[in-house]
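> Below you will find the structure I want to go over with you.
The values are calculated or read from the model by the stated rules, or taken from the named source; none is laboratory data. Predicted model only: the values in this text are computed from it and were never measured. Here Cβ is always computed from backbone atoms with ideal geometry, including for glycine, and neighbour counts include all displayed protein chains. Only protein heavy atoms, including side chains, enter the accessible area calculation; ligands, DNA and RNA are left aside. Shrake-Rupley method; radii C 1.70, N 1.55, O 1.52, S 1.80 Å.
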Amino acid sequence: MKYCKKHRFLSSKMKLRFFILSLLSLCFSYSGYSDTVPQRIYETKKVNSSPPVIDGLLNDEIWNTIEWSGDFVQREPYEAEQPSQKTLFKILYDDNNLYIAIKALDTETDKIEKRLTRRDEFEGDWVAIGIDSYYDKLTAFSFAVTAAGVKGDLIVSNDDELDDTWDPVWYVKTTIDSEGWNAEMKIPYTQLRFADKKEHVWGLQVMRQLFRKEEFSAWKHVPVESSRWVSMFGELHGISDIKPRKEVEIIPYVMGNVERFEEEEGNPFATGKKFCYSAGVDGKIAVTNDLTLNFTVNPDFGQVEADPSEVNLTAFETFFPERRPFFIEGNNIYDYSLTDGGGPMSQDNLFYSRRIGRSPHHNPDLEDNEYSDQPEFTTILGAFKLSGKTRNGWSIGVMESLAAKEFAKIDKEGEERKELVEPMTNYFNTRLQKDFNEGNTTVGGMVTATNRKIDDESIDFLPYSAYTGGLDFTNFWKDKAYYLSLKTVFSQLNGNTKSITELQESSRRYYQRTDATHLNLDTTRTTLTGTGGTISGGKIGKGHWRYGGYVTWRSPGLELNDMGYMRQADIIQQTAWVGYRIWEPFSIFRSFNIGFDQWSGWDFSGTQLYLGGNINFHTQFKNYWSIGSGINRGTSNISRSELRGGPALKFPGDWNNWAFISTDERKKLVFEVFTFNNWGDKKHSRFFDVGLEITYRPLNILSLSIEPGYRDGRRDLQYVETIELENEDRYIISTLNSEMFSADFRINLSITPDLSIQYWGQPFIFAGNYSKFKRVTEPMADNYKDRFNEFNENEIFFSDDENIYEVDENQDGTIDYSFENPNFNFFEFRSNLVARWEYIPGSSIYLVWSQGRTGDNSMGEFDFVEDINNLFSIVPHNIFLIKVSYRISM
């Protein structure tokens, strides 16, 4: 019998191995068919005399030495048809630069849209050129300009992945004449990457957007149904005898700021004002023809917009996007997201750059009459990034960062001491990818290492080292219409028993749960390891139907949050989707998409946690208005985090609906309305959100917008507190009625393409009122009301004097336990006013005014007028900053 079972097991493994090998063989060998679009070739010439002057006039004699090329083809809205307006271009080169002239002809010159914006904001008419100088048919450097002269630039990687964080130094001017508008560009070779050889063939694409018709046309047509882009570029011939340029770029900066805030009597750290200054340097070095080293020493990001306000009542950390320029630029290279698509798990990543320079982990406990001054962020001593792509298909990204040891200053009646709040920490990661088979197959991996110098008991709850890594494989076939992807991850953390126990008990896993029989809390462990991954595949091109799915998992011990981001471990999720796209205008529609999604999740014990589905659609009408809507249905949901380490709590299912409508975005005045509704089964929840965005452009140089939002909600199973009574935990939950209002205000004034003033402000008010308190009894009971016992008036009493609730469970006149009144109001105002002047390419001056106001109370009632009055009665915290940088190129 043992032999037979073993034999059957080996046979199953052999069958699985045979299936995988057969599938991979199919992926590698299936040649499919190619998009039947004729190849286009442009032949350039070398400048042997004076190069053109970049003034947008196109009247230099040298431009007459070469012919215009045109014959663009529409891609949107009417694919493969002739554009309504013609576009022509010429390309020249010399030993140092590429020169491009583009004539965007227009029979209605008075309708050319010239909107001044910040860089990379594509509003109005624009033209662009894409250059695949690697000629790997995967990577392109794109340079765009609007009719108003605003630059836009991005890097395309893996054929169709866009990264607009790249800001190269190049030159462009635009003009308008009786025939249309013109763009004249000079692109230094220092901003491109190419091989050191005599004759060159580069990929080439030239594009135009006609704003008033939302018409996109291109020199080399790429069908809309194709999932390809760079691999279908035309070709640029005629370049020879040029050498790659290894540029060294140094950008030193100086910064000074003044802070004004409320003075607090007796607090030596709250004197009402503070002044500081600093200096640093950013730089870029072309190490080889293919690899660039970016570095920063003592960086400052004072000009970066603040994060929006929020109230987070979950057990999980909020994900905020990166805003700091050094970490934004080229961040696509370091991306190792575990799961594609939407939903919370799509944010899980091996690298989350906001860990570097994060707020300190430790908050000192203060005694009476003690005051502390704690740094808001950790100082980054220095960082560098080595990145690029080699001629033989290797994509390389290496990042190294060192964050300083941080102390909180603590004062007690004039005696000052310091307490360590963050150890010196080294962050290192490496991302490698290799493409094969003309870019249809990629194999890669990533490794990260976080090492802390733990030399004080105040921070010994942190692991001293954390290592993560993974391997990924993707294969496309049939002209990239189909794909198969496999991605794996692992982690190992090392520390003392205290730090590893804290990780086991964290909200990401809760090993201490009494009902989690597959988990084991071990307080003697000094390491924590885990694995995860995703297998996905589907059809993403060729035809109107698209479909796919994936299975993703995180083992209980997986931990990424020292250098990456992970919301929850101990989970397996399956997702399937299908969509139908119509991109050709028909009837009253300009385009139409409809989609269906299904998902389900389990933990590693095999317990199903949730099951749901969705149907959604989005359409744009021929009058350029857009609408969209979707309906979600979820069955009962088992939450393992709601009771904060207690047993899992079963929630009833729910229905969700969202919808939006947007007016014509080409107009000076644009409205968009968004709504969200939730209806919980058993009436356990009810939420209503409504949002409005109004954008008005009274002048081409000025844009005004306001985005108010309101939420009204009720949730009957909201966690309040865990209380121990007679060696047993009592999990207190309640009904939470909440209201929230926020409004984002934006003013963008672009005086020139290089000089702009931006303002952002956001008032935020939130009220949470807790009532109908309950004690969890049978959290997984089939009957909803058996899961808890709602306290009656003889069991719970409120003390106004102490602002606490007292509970007499046995109704014997003796108070068994008490807890604080959880009601609260929170109000906050944040704003940034930034004036930015790029006085020469790559060199900037920033003037910044930031203001913050934060307050709260325990009222729990939403009163808009009173909350706004309370908010603006708070003494503001103002920061005034000036930062000057100067680019030195060698």
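> So LYS90 ticks every box in (1) assigned to a strand (DSSP E or B); (2) in contact with a Lys or Arg (Cβ under 7 Å, 6 or more places away or on another chain); (3) among the charged types (D, E, K, R) but one. Which box is left unticked?
(2)
> Quick check on ILE250: is it under 25 Å from LEU293 (Cβ atoms) and open to solvent by 20 Å² or more (accessible area, probe 1.4 Å)? Before the answer, list the steps.
Working: under 25 Å from LEU293 (Cβ atoms): yes; open to solvent by 20 Å² or more (accessible area, probe 1.4 Å): yes.
The answer is yes for ILE250.
> Taking the stretch 94-110 only, how many residues are farther than 22 Å from LYS198 by Cα, among the β-branched types (Val, Ile, Thr) and not in a loop (DSSP other than H, G, I, E, B)?
Residues flagged as farther than 22 Å from LYS198 by Cα, among the β-branched types (Val, Ile, Thr) and not in a loop (DSSP other than H, G, I, E, B) within the stretch 94-110 amount to 2.
> May I pose another question? Kindly evaluate ALA481 against the criterion of being open to solvent by less than 10 Å² (accessible area, probe 1.4 Å) and among the hydrophobic types (A, V, I, L, M, F, W, C). Quick ask: steps written out before the conclusion?
On the way: open to solvent by less than 10 Å² (accessible area, probe 1.4 Å): yes; among the hydrophobic types (A, V, I, L, M, F, W, C): yes.
Considered against the rule, which asks whether it is open to solvent by less than 10 Å² (accessible area, probe 1.4 Å) and among the hydrophobic types (A, V, I, L, M, F, W, C), ALA481 comes out as yes.
> Identify the single condition in (1) modelled with pLDDT under 95; (2) surrounded by 19 or more Cβ atoms within 10 Å (Cβ to Cβ) that GLY543 does not satisfy, given that it satisfies every other one.
(2)
> OK, next. When ASP664 is evaluated against the numbered criteria (1) open to solvent by less than 50 Å² (accessible area, probe 1.4 Å); (2) in contact with a helix residue (DSSP H, G or I) (Cβ under 7 Å, 6 or more places away or on another chain), which criterion, by number, is the only one it fails?
(2)
> If you go through the stretch 428-441 one residue at a time, do you hit one that is open to solvent by 40 Å² or more (accessible area, probe 1.4 Å), touching a residue at least 40 places away in the same chain (Cβ under 8 Å) and under 30 Å from LYS498 (Cβ atoms)?
Within the stretch 428-441, not a single residue is open to solvent by 40 Å² or more (accessible area, probe 1.4 Å), touching a residue at least 40 places away in the same chain (Cβ under 8 Å) and under 30 Å from LYS498 (Cβ atoms).
> Can you pull out the residues in the stretch 674-705 that are open to solvent by 40 Å² or more (accessible area, probe 1.4 Å), under 17 Å from ILE631 (Cα atoms), in contact with a Gly (Cβ under 9 Å, 6 or more places away or on another chain) and not acidic (Asp, Glu)?
Matches in the stretch 674-705: PHE674, PHE676, ARG686, PHE687, PHE688, VAL690.
> Under 6 Å between Cβ atoms, at least 6 apart or on separate chains: pull out the pairs that start in the stretch 364-381 with a residue that is aromatic (Phe, Trp, Tyr) and end on any residue that is assigned to a loop (DSSP other than H, G, I, E, B) and open to solvent by 80 Å² or more (accessible area, probe 1.4 Å).
none
> Of these, LYS284, LYS274, which one is in a strand (DSSP E or B), among the charged types (D, E, K, R) and loosely packed, with under 15 Cβ neighbours inside 10 Å?
Result: LYS274 is the single residue among LYS284, LYS274 that is in a strand (DSSP E or B), among the charged types (D, E, K, R) and loosely packed, with under 15 Cβ neighbours inside 10 Å.
> Okay, moving on. Scan the stretch 124-165 residue by residue and report those that are over 20 Å from TRP202 (Cα atoms) and not acidic (Asp, Glu).
GLY124, TRP126, VAL145, THR146, ALA147, ALA148, GLY149, VAL150, LYS151, GLY152, THR165, listed by residue number.
> Just to be sure I understand the filter: pairs with C-beta atoms under 7 Å, separated by 6 or more residues or on different chains, first member in the stretch 385-400 and at positive phi, second member assigned to a loop (DSSP other than H, G, I, E, B) and surrounded by 17 or more Cβ atoms within 10 Å (Cβ to Cβ). Which pairs pass?
GLY388/ARG193; GLY388/ASP290; GLY393/ASP136
> Every residue in the stretch 200-240 that is buried (at least 17 other Cβ atoms within 10 Å of the Cβ) and either in contact with a Cys (Cβ under 7 Å, 6 or more places away or on another chain) or polar (S, T, N, Q) (or both), please.
The answer is GLN205, GLN209, SER217, SER226, SER227, SER231.
> Any idea which of GLY601, GLY606, GLY630, GLY613 is at pLDDT 95 or above, outside any loop (DSSP other than H, G, I, E, B), closer than 21 Å to TYR510 by Cα and not polar (S, T, N, Q)?
Details: GLY606 fails: outside any loop (DSSP other than H, G, I, E, B); GLY630 fails: closer than 21 Å to TYR510 by Cα; GLY613 fails: closer than 21 Å to TYR510 by Cα.
Only one candidate qualifies: GLY601.
> Moving to a separate point now. Which condition from (1) open to solvent by 10 Å² or more (accessible area, probe 1.4 Å); (2) part of a strand (DSSP E or B); (3) free of Cβ contacts under 8 Å to residues at least 40 places away in the same chain; (4) not hydroxyl-bearing (Ser, Thr, Tyr) is the one that LYS197 breaks?
For LYS197, the exception is condition (2).
> Something else about it: Does the stretch 618-640 hold any residues that are open to solvent by 30 Å² or more (accessible area, probe 1.4 Å) and more than 30 Å from GLU672 (Cβ to Cβ), and which are they?
Residues satisfying the conditions are THR635, SER636, ASN637.
> Might you let me know whether the stretch 327-337 holds any residue that is farther than 26 Å from ASN832 by Cα and out of contact with any strand residue (DSSP E or B) (no Cβ under 8 Å at 6 or more places or on another chain)?
Scanning the stretch 327-337, I find no residue that is farther than 26 Å from ASN832 by Cα and out of contact with any strand residue (DSSP E or B) (no Cβ under 8 Å at 6 or more places or on another chain), so the answer is no.
> Where in the stretch 749-837 are the strands (runs of 3 or more DSSP E), entirely inside, with at least 2 residues that are out of contact with any Gly (no Cβ under 8 Å at 6 or more places or on another chain), open to solvent by 40 Å² or more (accessible area, probe 1.4 Å) and within 30 Å of ILE874 (Cβ to Cβ)?
Counting at least 2 such residues, we get 755-776.
> Give the residue, chosen from THR534, THR527, THR552, THR497, that is under 25 Å from THR448 (Cβ atoms), open to solvent by 50 Å² or more (accessible area, probe 1.4 Å) and touching a strand residue (DSSP E or B) at 6+ places or on another chain (Cβ under 6 Å).
Being under 25 Å from THR448 (Cβ atoms), open to solvent by 50 Å² or more (accessible area, probe 1.4 Å) and touching a strand residue (DSSP E or B) at 6+ places or on another chain (Cβ under 6 Å) holds for just one of THR534, THR527, THR552, THR497, which is THR527.
> Given (1) more than 18 Å from the chain's Cα centre (by Cα); (2) farther than 29 Å from SER507 by Cα, identify the lone condition not met by PRO325.
That leaves (1) as the condition not met.
> Moving on to the next point. Of everything in the stretch 71-87, what is open to solvent by 10 Å² or more (accessible area, probe 1.4 Å) and in a loop (DSSP other than H, G, I, E, B)? Give them in sequence order.
ASP71, PRO77, TYR78, GLU79, ALA80, GLU81, GLN82, PRO83, SER84, GLN85, LYS86
> Given the residues SER50, SER31, which is the only one that is modelled with pLDDT under 95, under 30 Å from ASN182 (Cα atoms) and assigned to a loop (DSSP other than H, G, I, E, B)?
Exactly one of SER50, SER31 is modelled with pLDDT under 95, under 30 Å from ASN182 (Cα atoms) and assigned to a loop (DSSP other than H, G, I, E, B), namely SER50.
> Regarding the stretch 141-153, can at least one residue be identified that is open to solvent by 20 Å² or more (accessible area, probe 1.4 Å) and out of contact with any Lys or Arg (no Cβ under 9 Å at 6 or more places or on another chain)?
no
> So, in the stretch 561-617, of the ones that are on the phi > 0 side of the Ramachandran plot and open to solvent by 50 Å² or more (accessible area, probe 1.4 Å), which residue ends up farthest from the chain's Cα centre (by Cα)? Spell out the reasoning first.
The first filter runs over the stretch 561-617 and keeps only residues on the phi > 0 side of the Ramachandran plot, leaving 570, 587, 606.
Still in the list and also open to solvent by 50 Å² or more (accessible area, probe 1.4 Å): 587, 606.
Values: SER587: 37, GLY606: 32 Å.
My answer is SER587.
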